[in-house]
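The values are calculated or read from the model by the stated rules, or taken from the named source; none is laboratory data. Every value quoted in this text rests on a predicted model; they were computed, and no experiment measured them. Cβ placement follows ideal geometry from the backbone for every residue including glycine, while neighbour counts extend to all protein chains displayed. These area figures cover heavy atoms from the full protein model, side chains too; ligands, DNA and RNA do not enter into them. Shrake-Rupley method; radii C 1.70, N 1.55, O 1.52, S 1.80 Å.
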Amino acid sequence: MVNKMAVLGAGTMGHGITQLYAQAGFDVYLYDINGEILQDALNKISTNLDLLFQENAITLAEKEKTLQYIFTTTNLEEAVSGSKFITEAVSENLNVKFDLFKQLEEIVDKDAIIASNTSTFSIKQLSEGVQKKDRLIITHFFNPAHLVPLVEVVKSEEIAQEIIEHTVAILKGIGKKPVVLKKGIPGLIANRLQAALVREAFYLLDNGIADAKDIDLAVSAGPGFRWAFIGPLETADFGGLDIWKSVVENLAPLLSKEEKVPPFVKEKVDNGQFGTKTGNGLFTYQGNDEVQNKIRERDIHFIRLLNIKNEEI
């Protein structure tokens, strides 16, 4: 029985995962080495809940109750003591993760599950940093974690099936749609598919086929519209495998096969133009206010779509 959740790392993913568990009624201890980051995480969670309330997804009482379930700490032992399910969401650096795992193995309950949110490292790589390999699993959430339903679950050869089932049950209990990979692969499922699409989008932009706004629109108003409810494989079934056989065989030789991003992307990165986090990327944003408005607009659309998907026939 899991009553206390621990989330380690209060950054972009950690605060959203914390919110999910708290909304489901778990006591959640959010840990970070930086007290200011913890306070910022609480502010973001409160803002997220305000938006959910505005969209009639939760009541005011549910918002207040959610916040009462969240506890922040800079003390790792306080965060994990008595917790049977620990989510690691620290920076994507193996040395940082290994250092954390080493500390955890000295203080966590022997039957505690450690779930890493990584999408960069394989379960085999992560397992090199722990002795109790039979308690380590990957639960890869997507940003924003409190709204995107998908969680990818990756198991090691050492982990028991009952732990997989227990993890899946927890994720379903907080409203997520978990998928369990039968075997590990770099990038897992969703990021491999996204990377293939983004590589082609970069190619189209680099070759002047269309501007960035229209390339995005071609996805969000086309395939993306369908993919919200039927994935690419079911789309192929609906369209006819005979048709898609021709589409793939005709187009595959012409698609981008680049192994690196185009020079214009590298140039932007080298110049510190990372996107919304810096106010300039493939699009230009007029100050932090516009960035926050864009994020708010995105999240409103995501909340409304989530409400629709939760009502699927």
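Structure summary
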quantity	calculated
Whole-number accessible area per residue in Å² for the range 220-313, which is evaluated in the context of all protein chains at 1.4 Å	78 Å²
Apportionment of accessible area to carbon and sulfur, the chain, percent (1.4 Å)	54 percent
Whole-number percent relative contact order across the chain, with pairs defined as alpha carbons under 8 Å at least 6 apart	14 percent
Computed lengthening from L150 to Q194, 0.36 nm per intervening residue step minus Cα-Cα distance	14.5 nm
Global geometry of the range 58-162, whether rounded, prolate or oblate, following the gyration tensor of its Cα atoms and the 1.5 cut on a/c	prolate
Accessible area per residue, Å², the range 85-194 with all protein chains present, probe 1.4 Å	49 Å²
Pair N95, F225: separation of 7 Å Cα→Cβ label points (nm)	5.0 nm
Per-residue HN-Hα couplings for the range 15-29 [Karplus 6.51, -1.76, 1.60; θ = phi - 60°; Hz; x = Gly/Pro]	5, x, 5, 4, 4, 4, 5, 5, 5, 7, x, 8, 6, 10, 9
Within the range 30-117, trypsin sites (Lys or Arg not before Pro) in DSSP loop having at most 16 other beta-carbon neighbours inside 10 Å	K110
Max mean-square fluctuation residue, GNM over the chain, Cα-Cα springs under 10 Å, options G208, G173, G11	G208
The range 89-152 - percent relative contact order, Cα under 8 Å, separation 6 or more	31 percent
Selected from D27, D299, D211 as most flexible by GNM, with the chain as the system and alpha-carbon contacts under 10 Å	D211
Computed FRET value (nearest 0.05) for Q125 with D50, which takes r as the C-beta separation and R₀ as 51 Å	0.85
Stretch gain in nm, segment N288-H166, where the contour uses 0.36 nm per residue and the Cα spacing is subtracted	39.8 nm
For the chain, calculated [θ]222 nm from helices alone, where every DSSP H run of n ≥ 4 adds -39500 (n - 2.57)	-15500 deg cm²/dmol
Proximal lysines to K182, defined as alpha-carbon separation beneath 17 angstrom and excluding residues fewer than eight positions away on the same chain	K124, K155
1.4 Å probe accessible area per residue over the range 1-58, in Å²	41 Å²
Cβ-based charge dipole, the chain, positive-most Cα from L51, F202, S246	S246
